[in-house]
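Here's the structure we're looking at; comments come further down.
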Amino acid sequence: MERAAHTISFAEQEYRRQGLDTFYGQSFEALLLPELEYAWAAVETGRPVWSGSPKTDLLAALLLGEQLASAYLQRHMDLKILRDTLDDIGRWAKTYFSYTGKVGLEEVSWLSNHLSLRLFQLGRLQFCMEAADFAAPSQGLRRGDPLVSVHICSGSPLDPALCDQSFALARTFFQKHFPEYPFRFFSCHSWLLDSEVLPLVPEGSNIALFQKRFQIVERVPSSAIARYVFRWNIQPEEIAGYCPQSGFQQRLKAQLLTGKQFYEATGILSR
């Protein structure tokens with residue numbers, strides 16, 4: 001009972017810290033605690049186990065944060081990193097609400113990385129330990145080799161100085177806390193690395209400067225840019241009626257309506 005009370009208390013604190021009480025206009029007790037019986041399975045297994053019910057899975061993610069906190073303490077890791085990493089729960093809960101009007105989470109497979117001590121928010125960027133799902137023979141990188149992938153959460157601008165700081169933090173962090181993890185490269189797979197985006201942004205923009213960090217090793221056709229720039233669940237037939245909120249959105253919309261193909265590119269950067 002004591003463990004359960006502590007875990008529930010942690011989840012409630014996170015719910016409030018991430019501003020979900022204000023966002024939803026309802027208390028943790030009233031909105032999520034009725035899901036406890038179903039969400040508790042994740043706590044009992046000690047790893048992310050998702051029910052498929054968005055509301056239940058939101059509670060499960062918040063509950064699992066307490067076990068993650070224990071793992072951080074065991075490795076003497078900064079709890080600010082824990083808080084920054086857990087903030088992604090709130091981001092994706094708000095994204096889910098933005099296109100459904102409902103309480104919950106859909107991107108639970110993504111959040112499994114955070115809750116399994118594999119992904120960490122280090123300053124502006126997120127870094128995840130994973131095996132390469134591509135090869136870069138000219139760099140000696142084989143499919144399956146360990147690497148640290150780089151991810152860009154929504155929120156603040158992709159400021160170059162903040163990115164520099166994040167990479168510096170990551171190099172120190174993984175050396176200190178995961179010295180047994182023998183990665184040689186950072187990688188990034190994103191629409192942000194697509195060279196087709198460059199004509200839509202000013203020279204020297206944050207996107208252009210971020211691209212220059214990486215050696216591009218492959219790219220694949222993708223419509224992901226519309227999801228990230230317009231709305232997460234936007235459908236191709238909805239783009240014509242979408243009202244742009246910025247010059248970048250307006251230019252992107254015009255290109256997409258001409259049938260322009262965009263890509264997701266994969267780049268690597270030496271550790």
Can E196 be described as more than 20 Å from C163 (Cβ to Cβ), open to solvent by less than 50 Å² (accessible area, probe 1.4 Å), acidic (D, E) and at pLDDT 95 or above?
yes
With criteria (1) free of Cβ contacts under 8 Å to residues at least 40 places away in the same chain; (2) farther than 19 Å from L64 by Cα; (3) of a type in the set (F, W, Y), F134 comes up short on (1)
Taking first residues from the range 27-40 that are more than 14 Å from S51 (Cβ to Cβ) and second residues anywhere that are in a helix (DSSP H, G or I) and open to solvent by less than 40 Å² (accessible area, probe 1.4 Å), the pairs with Cβ under 7 Å that are 6 or more apart or on different chains are F28/Y15; L31/Y24
Answer yes or no: is there a residue in the range 181-198 that is within 23 Å of H114 (Cα to Cα) and without any contact (Cβ under 8 Å) to a residue 40 or more places away in the chain.
yes
Given (1) modelled with pLDDT under 95; (2) at negative phi, number of the condition K176 does not satisfy
(1)
Please go through the range 111-132 and pick out each residue that is open to solvent by 40 Å² or more (accessible area, probe 1.4 Å) and either of a type in the set (S, T, N, Q) or within 18 Å of L192 (Cβ to Cβ) (or both).
S116
Which of the residues that make up the range 228-271 are surrounded by 15 or more Cβ atoms within 10 Å (Cβ to Cβ) and among the β-branched types (V, I, T)?
V229, I234, I239, T266, I268
Take the range 252-271 and flag every residue that is in a strand (DSSP E or B) and of a type in the set (S, T, Y).
Y263, T266, S270
For the range 1-30, name all the residues that are loosely packed, with under 11 Cβ neighbours inside 10 Å and not in a helix (DSSP H, G or I).
M1, G25
Please go through the range 199-216 and pick out each residue that is modelled with pLDDT of 95 or more and open to solvent by 50 Å² or more (accessible area, probe 1.4 Å).
P199, N206, L209, K212, R213, Q215, I216
Of R83, R91, R142, which residue is of a type outside the set (D, E) and touching a Cys at 6+ places or on another chain (Cβ under 7 Å)?
R91
Are there any pairs, at least 6 apart or on different chains, whose C-beta atoms fall under 9 Å, with the first in the range 41-63 and without any contact (Cβ under 8 Å) to a residue 60 or more places away in the chain and the second part of a loop (DSSP other than H, G, I, E, B) and basic (K, R), and if so, which?
P54/K102; K55/K102
Restrict the check to the range 167-174 and report whether at least one residue is open to solvent by 20 Å² or more (accessible area, probe 1.4 Å) and under 16 Å from the mean Cα position of the chain (by Cα).
no
Could you list, in sequence order, all residues of the range 53-110 that are open to solvent by 60 Å² or more (accessible area, probe 1.4 Å) and not in a helix (DSSP H, G or I)?
R75, H76, D78, K102, E106
For V49, indicate whether it is out of contact with any strand residue (DSSP E or B) (no Cβ under 8 Å at 6 or more places or on another chain), surrounded by 15 or more Cβ atoms within 10 Å (Cβ to Cβ), among the β-branched types (V, I, T) and at pLDDT below 95.
yes
If N113 satisfies every condition in (1) in a loop (DSSP other than H, G, I, E, B); (2) within 14 Å of the chain's Cα centre (by Cα) but one, which is the exception?
(1)
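The values are calculated or read from the model by the stated rules, or taken from the named source; none is laboratory data. All values derive from a computational prediction rather than experimental measurement. Positions of Cβ are backbone-derived with ideal geometry, glycine not excepted, and every protein chain shown enters the neighbour counts. Remember, those area values only see protein heavy atoms, side chains included, never the ligands or the DNA or RNA. Shrake-Rupley method; radii C 1.70, N 1.55, O 1.52, S 1.80 Å.
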